[in-house]
Amino acid sequence: MMKRLVVIFAIVLLGTVKAMSQIPYYAGTVGNGKLYGYSSLKFRPGQNNQETYTTFQYGLGDHFAVGTDLYTGPNCAYWGSLVRLGWKISKWFNIGTEIIPSFDLNNSFKFSHLTSALYLNGALSSDGNLIWCTNTWWGVYKGAGNTFSNYEYIGYTIHFKSGRSITPMVGTIHSWKFDKDIDLAGGFYFSLRDWNFYVWGNDFLQSHPRFIVGIDFAL
């Protein structure tokens, strides 16, 4: 259980609010001397609007990690570097933070935006199967207004034999100012030892909902 949670804790933020429908991110880091990788495809059925995200991260201690990421979308591509910190305070409460400067690959590698994130998560039941998490994002953009958003999720892990489990989760995405409609989001991840497989989505009430399929690992 703990090994699986450590793996998914390492998932890294895309770095922009463009990537709504993100899977939930947890407070911890990948672990000392471990390499983490994650890749995903985001799409809207019925629209030619695909996005990809790939990241690699290396743990320098139990609470610190550095890494890089690459995002591509319609007519855009960004490369980012990241620094991540995370602490497990107790089974019930964990806290982490991350900073990601991103650079525009279509504009001479010029600085594009800076994203800061606050991750909180913990258990809601003594067996640790019922869980909660919140992700808070602050995006600072060159030549554009800042963005402020928050995700909240609740999930439940169902365990099977041979280190397998599935965790469905539901939640909301909204601006800090609550100046737009609150968006429903949810999905599940299937865990097989050190691998996780994701199916996620949001904008379910729109004519073209957004979906994510993804995979990650830790070595």
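Working from label points 7 Å from Cα in the Cα-to-Cβ sense, the Leu35 to Val170 distance is 4.0 nm. Please enumerate, by chain and number, the aspartates and glutamates with C-alpha under 15 Å from the C-alpha of Lys91, excluding those fewer than 8 residues away in the same chain. Filter leaves Asp127.
The value of relative contact order for region 158-219, using C-alpha pairs under 8 Å at least six residues apart, is 25 percent.
When you work out D = kT/(6 pi eta Rh) for region 127-184 at 10 °C and 1.306 mPa s, using the Kirkwood radius from C-alpha pairs as Rh and the Stokes-Einstein form, the result is 116 µm²/s. Give the shape of region 98-219 as rounded, prolate or oblate, defined through the alpha-carbon gyration tensor: a ≥ b ≥ c are the square roots of its eigenvalues, a/c under 1.5 means rounded, and otherwise the shape is prolate if a/b is larger than b/c and oblate if not. It comes out prolate by the Cα gyration axes.
Across the accessible surface of the chain, with the other protein chains kept in place and a 1.4 Å probe, carbon and sulfur atoms take up 65 percent.
For the peptides 23-33, 146-156, residues were scored by their other Cβ atoms within 10 Å and the scores averaged per peptide; the highest-first order is 23-33, 146-156. Its Kirkwood hydrodynamic radius, worked out from the mean inverse distance over all distinct Cα pairs, puts the chain at 17.5 Å. Accessible-area rank, largest first, for Lys88, Lys177, Lys42: Lys177, Lys88, Lys42, with all protein chains present and a 1.4 angstrom probe. Taking the Cα centre of the chain as origin and assigning +1 to Lys and Arg Cβ atoms and -1 to Asp and Glu Cβ atoms, the resulting dipole is close to 320 debye. From helices alone, the chain scores -1000 deg cm²/dmol at 222 nm; the rule is -39500 (n - 2.57) for each run of n ≥ 4 DSSP H residues, then divide by the residue total.
The values are calculated or read from the model by the stated rules, or taken from the named source; none is laboratory data. Remember, predicted model here, so these are calculated numbers, not experimental data. Cβ coordinates were reconstructed from backbone atoms using ideal geometry, including for glycine residues, and neighbour counts include every protein chain displayed. All accessible areas refer to the heavy atoms of the entire protein, side chains included, with ligands and DNA or RNA removed. Shrake-Rupley method; radii C 1.70, N 1.55, O 1.52, S 1.80 Å.
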